[in-house]
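A short worksheet on the structure shown next.
The values are calculated or read from the model by the stated rules, or taken from the named source; none is laboratory data. Since the model is a prediction, treat every value here as computed from it, not as a measurement. Here the Cβ is made from the backbone with ideal geometry for all residues, glycine too, and neighbour counts use every protein chain on show.
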C-alpha cells in the first residue's frame, strides 16, 4: 500500500523462487522447536513451540489453554520421550486427570511412569499482592 492506494500484485515466475528463498532464510535463523504432536499446530507454529524457552499461552476461560498444555505434555511424553511438569493454579490434579480422560489422555498413568508431574498450586486471593502496573502487550514485545 502506498499513498493510500492498494498495489496490484502480478504473479511472476519468480514468486515461487522468492517464497522458497524466504523459507530457507527463515529456517536458518529460526529457533529450535519442540514438536507438539498436535495435528495442524506444527504448521501454524512452523515446527512447534520454541525448545528450551517458556511459552506464555493467554486467553479467556474456556478457550483451550489447559487442553493445549495437556495435549502438549502428553504427546511429548508419549511420542518424544520428554519429561513434563504441569502446574495448575485453578483445577485440582483430580479434576485435570478426569478431564484429560475425556480426550484419551491418562495423566495418572503418565505420572505413575514418572513421565509427567502434575501438581495443583493453591494460592488464596488473600495471599496475593498487586503492586504497580504493567502492560501485558509491552511485556510480550508487541
Go through the residues of the range 36-58 one by one and say whether even a single one is modelled with pLDDT of 90 or more and in a strand (DSSP E or B).
yes
Under 7 Å between Cβ atoms, which residue pairs at least 6 apart in sequence (or on different chains) link something in the range 58-76 that is farther than 22 Å from residue 113 by Cβ with a partner that is assigned to a helix (DSSP H, G or I) and modelled with pLDDT of 90 or more?
59/65
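Picking from 82, 95, which residue would you name as being within 26 Å of residue 32 (Cα to Cα) and at pLDDT 90 or above? Walk me through how you get there before you give the answer.
Details: 95 fails: within 26 Å of residue 32 (Cα to Cα).
Testing whether each residue is within 26 Å of residue 32 (Cα to Cα) and at pLDDT 90 or above leaves just 82.
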Report the residue count in the range 79-96 for those that are surrounded by fewer than 17 Cβ atoms within 10 Å (Cβ to Cβ) and assigned to a helix (DSSP H, G or I).
5
